[in-house]
Amino acid sequence: EKNSRKVIQAYQSLYMMDQDLKNIWKSATQDELVKLDQKNLIRDMEKQHLKLEKGIRKRDKLEINVAIVLMPFFLAATFFLSSTLSKVGAFLMLPALAFIIYRLKAVRKYEPTAFSESTHDYLNKLKIYYTMQRDLLKEVAYWYLIPPFICISMIYWGISSTPKEKFINIGVAAIIYIGIYFMN
């Protein structure tokens, strides 16, 4: 009975606070509800966007440069490796790396460039751009990890002499790619 009274009192207290908040909300005028300094909003938005964009550009530059540097090595490997499977894997790595470059650059064209347009339009464009960047990371396994992993596995399978060596090499590559996945 004592606990029941405490629960009832607590409920009544919460109900009163809820009613008070509703009354305050109803009595407030529209001007009091939302006061937005658009200049400060735009300035803060630009600052946060530039900070995030710096990280995205750094990532893209690193990934694109690595892909460009690796391309000649895999091209040379197609001629110098002895196993046909390894040659095919090295050759297929070229379009896989080119596709990585393409995917990273394709999203760039959606980046909003002008802070001078209307806030609504700018925010819509920014939302599309960040959604596409997020989708890149969500789908990283499909366009960034699996194609090169298959190519690397083909190369290792072709150059390894024993079954044990083949599975060890592919296992090490799998561990590296899993680490890359979680980094992304």
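Descriptive notes on the structure:
- When each of Tyr142, Tyr181 is tested for being open to solvent by 30 Å² or more (accessible area, probe 1.4 Å), hydroxyl-bearing (Ser, Thr, Tyr) and in contact (Cβ under 8 Å) with a residue 40 or more places away in the chain, the lone residue that passes is Tyr181.
- Count - residues of the stretch 67-82 that are within 31 Å of the chain's Cα centre (by Cα) and either within 16 Å of Tyr156 (Cα to Cα) or open to solvent by 70 Å² or more (accessible area, probe 1.4 Å) (or both): 6
- The conditions of being of a type in the set (A, V, I, L, M) and within 23 Å of Asp60 (Cβ to Cβ) are met by Leu104.
- Boolean, Gly158 is over 27 Å from Ser83 (Cα atoms), assigned to a helix (DSSP H, G or I), among the small types (Gly, Ala, Ser) and more than 14 Å from the chain's Cα centre (by Cα): no
- Note on the stretch 83-100: residues that are surrounded by fewer than 17 Cβ atoms within 10 Å (Cβ to Cβ) and either in a helix (DSSP H, G or I) or within 25 Å of the chain's Cα centre (by Cα) (or both) total 6.
- Residue satisfying all of: in the stretch 157-178; in contact (Cβ under 8 Å) with a residue 24 or more places away in the chain and among the aromatic types (Phe, Trp, Tyr); farthest from Ile100 (Cα to Cα) among these: Trp157
- Considering residues of the stretch 161-174 that are of a type outside the set (Val, Ile, Thr) and either under 19 Å from Val88 (Cα atoms) or over 30 Å from the mean Cα position of the chain (by Cα) (or both) only, the residue surrounded by the fewest Cβ atoms within 10 Å (Cβ to Cβ): Ser161
- Selection count, the stretch 124-138, where residues are surrounded by fewer than 12 Cβ atoms within 10 Å (Cβ to Cβ) and touching a helix residue (DSSP H, G or I) at 6+ places or on another chain (Cβ under 9 Å): 1
The values are calculated or read from the model by the stated rules, or taken from the named source; none is laboratory data. Please read these numbers as outputs of a predicted model, since none were measured by experiment. Positions of Cβ are generated from backbone atoms using ideal geometry, with glycine treated the same way; all protein chains shown enter the neighbour counts. Surface areas here come from the heavy atoms of the whole protein model, side chains and all, with no ligands, DNA or RNA. Shrake-Rupley method; radii C 1.70, N 1.55, O 1.52, S 1.80 Å.
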